[in-house]
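**Q** Here it is, the structure, as structure tokens.
Just so it is clear, none of the values below were taken in a lab; they were calculated from the coordinates. Values in this document were obtained by computation on a predicted structure and should not be read as measured data. All Cβ positions, glycine included, derive from the backbone under ideal geometry; neighbour counts span all protein chains shown.
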Amino acid sequence: MATLNIEEVAQRLDKATVSMSIADAAVSDMPLVYVNPAFCAVTGYDASDMIGRNCRFLQADLDNEDPRHIVREALDKGTGAQAVFRNRRRDGSEFNNLLILEPLHDRAGALAYVVGAQFVMDRTTRPAMAAEHGLKVVHEIDKLLALNDRLRATSRQALARSMAATVRLWLDR
């Protein structure tokens, strides 16, 4: 199984302006093994509050059945996904989170990690903003892949294009 050195991950992703998290797909319930400072800023939680937990705790009591279904289906297939979740920050405030999941597979094709990138959305969000964010996510995932050549991502190139479409659909509902 391909593994990531979390200290090396932190060196590459801690300065990213994109909110990012990494979950260990080889462990039951896929606990978070890394969150960057941008993720902490969005959620209001310290990294120590989140490591070892599934990020579902951010959903609290909010209705997210449809996006959960999208994510479960993608994880079962080992593919990337995008879904808009209603999340709750540490202070109790709610926000719309466009979650972008990118699976990282080992050379044998087994799901090793799931990278999550978060994009806070509101009614002022524009598709071009999401597309720009998507390009930043692709760049950060490329930096992550450079840490371990035994890991590969399958869908990151389509990410920026599909983020803009997701925002358009969300705004039109």
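**Q** Taking the highest mean first, how do the peptides 87-97, 19-29 order by number of other beta carbon atoms within 10 angstrom per residue?
**A** Top of the packing list down: 19-29, 87-97.
**Q** Continuing with the same structure: Any idea how far the Cα center of the stretch 67-124 sits from the one of the stretch 28-49, in Å?
**A** Each part's Cα centre sits 13 Å from the other's.
**Q** Report the per residue volume, in Å³, of the convex hull enclosing the C-alpha atoms of the stretch 24-93. Before the final figure, lay out each step's value.
**A** On the way: hull volume 6.9 nm³, N = 70.
Measuring per residue, one finds 98 Å³ for the Cα hull of the stretch 24-93.
**Q** Which value in nm describes the separation of the simple spin-label points at Arg72 and Asp14, placed 7 Å from the Cα toward the beta carbon?
**A** Spacing of the two 7 Å Cα→Cβ label points: 3.7 nm.
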